[in-house]
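The values are calculated or read from the model by the stated rules, or taken from the named source; none is laboratory data. None of the values given here were measured: they were computed from a predicted structure. Positions of Cβ are backbone-derived with ideal geometry, glycine not excepted, and every protein chain shown enters the neighbour counts. Note: areas computed on protein heavy atoms with side chains; ligands, DNA, RNA excluded. Shrake-Rupley method; radii C 1.70, N 1.55, O 1.52, S 1.80 Å.
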Amino acid sequence: MEDFYGTEYTGGTMRQSQFFTKTRKDTPSEEVAKNAQLLIRAGFIHKEMAGVYSYLPMGTRTLRNIENIVREEMDALGGQEIRMATLHPSEPWKQTGAWDKVDVLFKIDSRTEKEYALGQSEEEIVTPIASEYAPSYRDLPVAIYQIGQKYRDELRAKSGIMRGREFGMKDMYSFHTTQEDFERFYEVVKQAYLRIYAKCGLVAKVTEASGGSFSQKISYEFMVLTDAGEDTILYCEECDYCANVEVATMKEADACPKCGKGNLKTGIASEVGNVFDLGDRYPRAFGFTYKDDQGNEQYPIMGCYGLGTSRLMGVIVEALANEGGMSWPESVAPFKFHLVNAMANDGEAVAYADELYDLLKLRGASVLYDDRDVRAGEKFADSDLIGIPYRIVIGKGVLAGEEIEVVNRATGEVSRYDREALVQQFTSQAPQADTTE
Ligand code: ATP
Ligand code: MG
């Protein structure tokens, strides 16, 4: 896998002794969700209040890697990245009626007596923006996206970073002249989403569901099986059929309506994204018309495509963690290699590890170096908790001339290399089959 060697997502090195954050042994008592417990213990996030977290260095690196995977896929399908305001005037929300209808909308009073809203989704902002630059059919289609914070007055916030009152989302909006063009694009986005989840080490199922509060049209939800999720789905084990039980007319053990071969199973899942056909609702609300090739004013067809970046990070923790702690796929891990000096008070071991660290650093590898003056057992436990994909261990054996052990966090598999081969292997541009998936 190319990511294994590249540094574009997770470049950079760090000495663990330099981190301003520390791991902690106790499980935060107020957290019930595994993702929040592990992320807090490992020093990835800091809780501000229920449903609101700050991201610390390793959490920021991980979230940024996820965002970059999303960004790459959105750019590839022609999406143009922008950054919209999150503090909104109330007027566009009143114009669409959402001011009174959307129960999760945070409304803010001001000393100027003006009212504001915090962005919970951005149709109200993006539609007027797009309208300004698309007077003609020649200006369409267009797809605009951003990656940033959303605010929602959620009633329940017990799933750690999987359901926040402030959370990360990629939201894209597209405008088209015809339904066919919209549907073509819809399908392209669906495939991009599936690639994003796969790159994040997850398997997503696609449900067909009825639209949300504003749309009666068909939409897709992207679901990842995890007991930490809040949705129940019915899916076929033989094919890709999947439905949300909320809308499905089938039940468990029914024959699959799609392939007819498998029986339906029930599973708990988390919604990591969805795409909606919004029709011309928002263009109508904001008077967004374009001139077609006959010179007639028309409303464009609009789609929206949400993907919860911070929820995705939580789902990765939930889905891939084992007893020891987290286990990040290479593509999103805060670092790819955890260089652990198991003999912190041995001068020779320190010199060896320092030198190897410098060498890996020089070659552009992404390494967290545990140079702390603590016992080996504690380092290994922390290493398991943090969940960096490959652990390079410097201990007695290495000093005695034995090969260096590299432990795969996900599988526990141990590979051995002499120093040159290790540096070569982990910093080379040419992947070798035995250490990649
Ligand atoms: P849910 O049913 O889980 O509340 P939603 O239907 O409200 O999700 P959208 O409004 O379409 O979701 O938002 C797009 C994506 O943002 C969702 O698919 C999900 O991945 C993520 N998301 C939604 N609400 C939250 C939240 N409170 N915290 C974290 N992520 C969220
Ligand atoms: Mg919701």
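Just a few scattered comments:
- Within the accessible area of region 92-228, the carbon and sulfur atoms contribute 49%, probe 1.4 Å, all protein chains present.
- Against the chain, whose longest principal axis is taken from its Cα atoms, helix 309-320 shows a tilt of about 50°.
- Here the extension length gained between E72 and V52 equals 4.5 nm, from 0.36 nm per residue of separation less the Cα-Cα distance.
- Looking at region 323-400, the GluC sites (Glu not before Pro) that sit in a DSSP loop and have at most 12 other Cβ atoms within 10 Å of their own Cβ are E323.
- Here the contact order of region 93-151, divided by its residue count and restricted to Cα pairs under 8 Å and six or more residues apart, works out to 29 percent.
- Checking every one of the chymotrypsin sites (Phe, Trp or Tyr not before Pro) in region 76-138 against DSSP loop status and a limit of 11 other Cβ atoms within 10 Å picks out Y133.
- FRET efficiency, I129 to E81 (Cβ-Cβ, R0 22 Å, nearest 0.05): 0.95
- Near V52, the amide H atoms lying under 5 Å from its own belong to R165; only residues 5 or more places off or on other chains count, and H is placed 1.01 Å from N.
- Accessible area expressed per residue, the chain, with surrounding protein chains retained (probe 1.4 Å, Å²): 46 Å²
- Acute angle (nearest 10 degrees) that the helix 179-199 long axis makes with the longest principal axis of the chain, alpha-carbon atoms: 20 degrees
- The chain, relative contact order [Cα under 8 Å, separation at least 6], %: 18 percent
- Modelled FRET efficiency - R0 41 Å, E348 with A198, Cβ distances, 0.05 increments: 0.40
- Calculated FRET efficiency for the pair K265/D181, C-beta based, R₀ 45 Å, to 0.05: 0.80
- Cβ-isolated cysteines (cut-off 4.7 Å), the chain: C200, C242, C304
- Unit charges at the beta carbon, dipole of the chain: most positive-side option, P141, N296, V350: V350
- Principal-axis tilt of helix 347-362 within the chain, Cα atoms, nearest 10 degrees: 40 degrees
- For the pair S17 and I108 in one chain, pulling the backbone fully straight at 0.36 nm per residue adds 28.5 nm over the alpha carbon distance.
- With helices as the sole contributors, the chain gives -8500 deg cm²/dmol at 222 nm; each DSSP H run of n ≥ 4 counts as -39500 (n - 2.57), and the sum is divided by every residue.
- Potential extension, E208-K396 segment - 0.36 nm per residue separation minus Cα distance: 62.0 nm
- Highest average packing first - 395-402, 277-284, 124-131, 158-165, Cβ atoms within 10 Å: 158-165, 124-131, 277-284, 395-402
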